[in-house]
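Derivation of every value follows stated rules applied to the coordinates shown; laboratory data play no part. This one's a predicted model, so the numbers in the text were calculated from it and none came from an experiment. Cβ atoms come from the backbone with ideal geometry, glycine included; neighbour counts cover every protein chain shown.
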Amino acid sequence: MKILRISITIILISLGNLLFAGDGMWLPLLLKALNEGEMQSMGMKLSAEDIYSVNQGSLKDAIVHFGGFCTSEVISDQGLLLTNHHCGYSQIQSHSTLENNLLKDGFWAQTKEDELANPGLFARFITRIDDVSDDVLKGVTKDMDEVSRQSMIDKNIDSIRGSIRLKEFHDIIIRPFYQGNQYFIFYTVTYNDVRLVGTPPESIGKFGADTDNWVWPRHTGDFALFRIYAGPNNEPAEYSENNVPYKPKHFLPISLDGVEEGDFTMVFGFPGRTNQYLPGAAVEQIIETLNPAKIEIRETALGILDEKMRADEQVRIQYASKFARIANYWKKWIGESQGLVKTNALDKKSKFEEEFKMKNKDNRENVSLLPQMEQLYKAIEPYAFTRDYYSEVASRNIELLSASSIIGRLVSTFENNGVDAYNRFLPRIQGYLQGFYKDYRPEIDKEVFAALTEMYANNVNAMYVPDQLKNKKGAKGFQMLADEVYGSSSFTEMDKMMAILDMDPAAAVEKIKMDPAYKLSSEWGSMIDEKVNVPYNEHKAKLDEYQRKYMQAIIETFPNRRFYPDANSTMRVSYGQVNGYKPKDGVCYTPVTYLDGVIEKYQPGDYEFDVHPKLLELHEKEDYGQYADTNGKVPVCFLGSNHTTGGNSGSPAIDAHGNLIGLNFDRVWEGTMSDINYDKSICRNIMVDARFVLFIIDKFAGASHLIDEMKLVHPKAE
């Protein structure tokens with residue numbers, strides 16, 4: 001089997017043939033071969049070794065996978081972590097009550113003893129990355145079918161894992177790259193004692209809330225502080241009062257010099273998922289079929305939640321995190337579809353595919369890939385549409401059905417594995433339900449249920465609609481169904497559900513199976529599994545095979561071009577510059593916003609645009625300390641052309657010298673299609689200016705003891 005690799009000879013090609021600077025999420029261990037020269041030509045003063053090194057402390061040693069879903073960075077020699085407010089939102093919410101509302105009022109630990117523990121939250125470092133393609137693909141041949149191929153790969157990965165001796169809290173992660181044509185191993189160490197140190201109030205950390213989400217100009221101080229604690233010898237340990245602050249191999253100094261248009265920027269983190277190499281047929285399906293359906297469903301659910309949250313402060317606290325989660329991708333999909341159209345993504349795909357076919361005119365196997373994929377995308381579309389619709393309605397937006405599905409795992413555990421397995425699994429279900437009911441309002445969920453089940457029945461092919469949803473007469477029929485299910489289900493009340501789980505396993509399972517919410521969830525899910533997921537997975541497996549072959553063919557067809565691997569939640573570096581952009585005719589956005597803009601947006605009493613009295617006072621007095629720029633204004637956010645996606649939330653924005661200049665937290669709405677089609681003209685990431693973070697900590701919160709931990713520098717003055 002010929003193993004695909006990105007050849008080091010690529011560095012010899014001229015910059016004129018390279019991708020636009022900003023495009024790409026690059027593996028840090030390959031920067032010297034692929035990117036170092038270009039990065040330095042853009043102004044970077046570091047070497048690739050300064051960014052990624054195994055033998056000495058480097059930037060990678062300050063970069064943390066925060067809880068497995070965001071990025072954070074170490075900013076002091078005492079393990080102080082900086083990440084986004086929205087990344088720590090669930091932890092902040094978990095410590096909030098009506099009487100002590102950390103979301104509304106903020107929180108600043110005055111001593112380390114005041115810092116708040118967060119069970120389940122972890123901080124993971126990458127200690128080393130290696131290419132293990134030879135070992136993983138050993139024995140894999142070109143004529144293997146996909147099942148045999150994957151079986152061989154799995155066997156090889158198990159062998160690699162079995163050959164490596166690991167200490168406690170250390171692990172390895174082996175991931176495929178380039179659609180499974182190459183494999184890398186990541187050595188990790190995980191710290192499980194991570195405590196909340198400080199958070200601004202929502203009026204700063206979530207300023208603009210959902211209205212400003214994905215939007216420029218932005219004025220959100222989206223940051224929070226945590227701290228890593230370690231056991232003896234600085235090693236990981238479970239939470240203990242005896243643990244001490246972690247001593248990092250490297251932490252990021254913070255620049256007080258700020259940014260100017262054209263400055264070099266580097267974003268270092270753990271981007272989640274991109275699909276840059278999809279064929280045009282897939283992109284067209286996203287634009288025309290899949291995104292519109294998901295957008296409409298979430299828009300309906302959000303309308304109901306928004307009304308309830310605005311009417312009741314307790315509801316707003318309970319549903320704040322849920323609303324943000326639902327709204328985030330709703331708005332992202334809208335911008336993604338519009339951006340794909342605006343940047344002529346389908347035309348670009350078509351031109352690239354024509355060039356690919358022309359260069360492969362004598363290669364029948366490669367030429368046949370695109371028409372075969374197009375045919376498969378047509379075949380999979382009805383299943384993909386129904387699958388997305390079901391997922392959005394029953395799994396993501398109707399909480400009762402989502403909980404029923406999880407409770408159903410307890411039933412299947414009992415029926416398939418017996419009483420002992422049931423009893424082992426039961427505490428996990430009980431723990432999940434305690435969290436679920438803490439922020440659950442059945443009367444709100446019932447409204448969502450009635451609205452979304454009606455949408456499902458009206459928009460999905462009748463053969464994929466469960467019997468209980470058929471033959472309902474308009475909205476009244478679905479409201480009656482909601483009244484029936486929610487009025488008789490034990491799943492809507494914590495006490496009733498916990499009482500069932502206290503019963504003998506056999507009796508509990510029988511009781512659960514009789515519940516109307518479980519019956520609907522089970523019938524609906526089983527039908528989707530049988531009629532939708534089975535054919536969908538068959539088509540998807542074939543598409544994955546063709547996508548892998550297409551990826552290999554692309555790289556072989558264009559040997560003088562660089563191709564970065566799609567994001568897959570592994571450590572990556574992206575680099576670009578501070579740049580504004582022109583979203584449409586007659587509109588030009590500059591790359592920096594200021595505290596003045598916060599005041600301009602101020603709407604007293606509005607939960608999205610209210611401003612804290614202390615911040616108003618600081619602005620009125622121009623009490624900015626050392627955090628104002630040369631014009632005497634406090635910068636809040638800035639734009640860069642760095643290629644980012646979900647998972648990059650909390651990633652550090654690093655200057656040419658290796659100092660922290662900002663904190664990545666969002667992308668502009670017009671450029672959210674960068675997951676599929678990065679276009680430098682409008683793809684911009686949004687970052688909180690580090691000086692605003694320091695200003696809030698010091699002047700607003702009075703937490704100067706945290707500033708004293710940090711190393712503040714003036715690299716432009718050196």
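Where does each of TRP330, TRP108 land when they are ranked from fewest to most other beta-carbon atoms within 10 angstrom?
TRP108, TRP330
Select from MET309, PHE558, HIS612 the residue farthest towards the positive end of the dipole of the chain; place +1 on Cβ of Lys and Arg, -1 on Cβ of Asp and Glu, and compute about the Cα centre.
The residue sitting most towards the positive pole is PHE558.
7 Å from Cα along Cα→Cβ at both ASP145 and GLU260: what's the point-to-point distance in nm?
According to this spin-label approximation, the distance is 6.4 nm.
Which trypsin sites (Lys or Arg not before Pro) in the range 25-107 sit in a loop by DSSP (not H, G, I, E or B) and have at most 15 other Cβ atoms within 10 Å of their own Cβ? Kindly include the intermediate steps, with their values, before the conclusion.
Working: sites: LYS32, LYS45, LYS60, LYS104; in loops: LYS45.
Listed in order of number, the matching sites are LYS45.
Are there any GluC sites (Glu not before Pro) in the range 490-555 that are in a DSSP loop and have at most 15 other Cβ atoms within 10 Å? List them by number. Could the numbers behind the result be given before it?
Details: sites: GLU493, GLU510, GLU523, GLU530, GLU538, GLU545; in loops: GLU493.
Taking the range 490-555 and a limit of 15 other Cβ atoms within 10 Å, the loop GluC sites (Glu not before Pro) found are GLU493.
Quick one: order MET152, MET551, MET494 by neighbouring beta-carbon count within 10 Å, fewest to most.
If I rank by nearby Cβ atoms, fewest first, I get MET494, MET152, MET551.
Relative to the Cα centre, what is the charge dipole magnitude of the chain, using +1 at the beta carbon of each Lys and Arg, -1 at the beta carbon of each Asp and Glu, and rounding to the nearest 20 debye?
The dipole of the chain has a size of about 1700 debye.
What are the lysines whose alpha-carbon lies under 30 Å from the alpha-carbon of LYS633, with same-chain residues fewer than 8 places away excluded?
In chain and number order, the partners are LYS45, LYS104, LYS206, LYS582, LYS584, LYS601, LYS614, LYS621, LYS680, LYS699, LYS711, LYS716.
Residue separation times 0.36 nm, minus the C-alpha to C-alpha distance between ALA506 and ASP135: what's the value?
128.8 nm
Among the Cys residues of the chain, which have no other cysteine Cβ under 4.7 angstrom away?
Unpaired cysteines in the chain: CYS588, CYS637, CYS683.
Note down the net charge around ALA117, summing +1 for each Lys or Arg and -1 for each Asp or Glu among other residues with Cβ under 10 Å from its Cβ.
Values: positive: ARG195; negative: GLU115, ASP193, GLU241.
That sum, taken over residues with Cβ under 10 Å, equals -2.
Summing +1 for each Lys or Arg and -1 for each Asp or Glu, what net charge is found among the other residues whose Cβ lies under 11 Å from the Cβ of GLN468? If you can, show how the numbers build up before the last one.
Details: positive: LYS470, LYS472, LYS519; negative: ASP467, GLU484, GLU523.
Neighbour charge sum, excluding GLN468 itself: 0.
For the range 280-552, what's the radius of gyration and Dmax over Cα atoms, in angstrom?
That works out to 22.0, 70 Å for Rg and Dmax.
Would you mind ranking ARG396, ARG424 by Cβ crowding within 10 Å, fewest neighbours first? Don't skip to the answer; put the middle values down first.
On the way: ARG396 19, ARG424 11.
Ordered from fewest to most neighbouring Cβ atoms within 10 Å, ARG396, ARG424 come out as ARG424, ARG396.
Report the extension gain between LYS633 and GLU493 in nm, rounded to one decimal, defined as 0.36 nm multiplied by the number of residues separating them, less their alpha carbon distance.
Residue separation times 0.36 nm, minus the Cα-Cα distance, leaves 45.2 nm.
Given a Förster distance of 30 Å, report the FRET efficiency between ASN100 and ALA311 from their Cβ-Cβ distance, rounded to the nearest 0.05.
Here the calculated transfer efficiency is 0.85.
Rounded to the nearest 5, what is the percent of antiparallel bridges among the DSSP beta bridges in the chain?
95 percent
What lysines sit close enough to LYS138 to cross-link, taking a C-alpha to C-alpha distance under 21 Å and skipping anything fewer than 8 places away on the same chain?
Those lysines meeting the cut-off are LYS2, LYS155, LYS549.
Counting other C-beta atoms within 10 Å, and keeping those with at most 12, which DSSP coil GluC sites (Glu not before Pro) do you find in the range 598-659?
GLU622
Restricting to Cα atoms and excluding each atom paired with itself, what does the Kirkwood estimate give for the range 201-278 in Å? Could you put the intermediate results ahead of the total?
Working: mean 1/r = 0.0579 Å⁻¹.
Here the Kirkwood hydrodynamic radius works out to 17.3 Å.
Note the full-extension length gain between ARG128 and VAL419 as 0.36 nm times their separation in residues minus their Cα-Cα distance, in nm to one decimal.
Answer, rounded to one decimal: 100.5 nm.
Using amide H atoms built in the peptide plane, which far-off residues or other-chain residues are under 5 Å from TRP26 H to H?
VAL573, SER574
Based on the Kirkwood radius over alpha-carbon pairs, what value in µm²/s does the Stokes-Einstein equation return for the translational diffusion coefficient of the chain at 4 °C and 1.567 mPa s?
47 µm²/s
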